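Chemist: Sharing a structure with you now.
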Amino acid sequence: MKVLYLLFAVFLLLFQATSGSADPLFADTVECRSQGKFCRAGACPPTFAATGTCHGGMLQCCSK
């Protein structure tokens, strides 16, 4: 039973270190946001145009 407490502590430390990670997973998302645009699921709002994709092609990159 003492091993379970140690295992819980190790998992807590591992997840704490990775949960706040801001490393981008998708290059297209970084490119979209670095240009001042935003990502959106589905179609862009009426006054915005879709200029690319985000999250590996799953979302639209919208800009004015």
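Chemist: For G56, are the conditions met, namely being of a type outside the set (A, V, I, L, M, F, W, C), assigned to a helix (DSSP H, G or I) and either modelled with pLDDT of 90 or more or at positive phi (or both)?
Modeler: Details: of a type outside the set (A, V, I, L, M, F, W, C): yes; assigned to a helix (DSSP H, G or I): yes; either modelled with pLDDT of 90 or more or at positive phi (or both): yes.
So G56 passes the test.
Chemist: Right, another one. Can you list residue pairs whose Cβ atoms sit under 7 Å apart, with the first residue in the range 21-35 being more than 15 Å from A50 (Cβ to Cβ) and open to solvent by less than 100 Å² (accessible area, probe 1.4 Å) and the second being modelled with pLDDT of 75 or more and small (G, A, S)? Count only pairs 6 or more apart in sequence or on different chains.
Modeler: Here the result reads F26/G56, each pair linking the range 21-35 to a residue that is modelled with pLDDT of 75 or more and small (G, A, S).
The values are calculated or read from the model by the stated rules, or taken from the named source; none is laboratory data. Since this is a predicted model, take the numbers as computed values, not measurements. Note that each Cβ is placed from the backbone with ideal geometry, even for glycine, and that neighbours are counted across all protein chains shown. Only protein heavy atoms, including side chains, enter the accessible area calculation; ligands, DNA and RNA are left aside. Shrake-Rupley method; radii C 1.70, N 1.55, O 1.52, S 1.80 Å.
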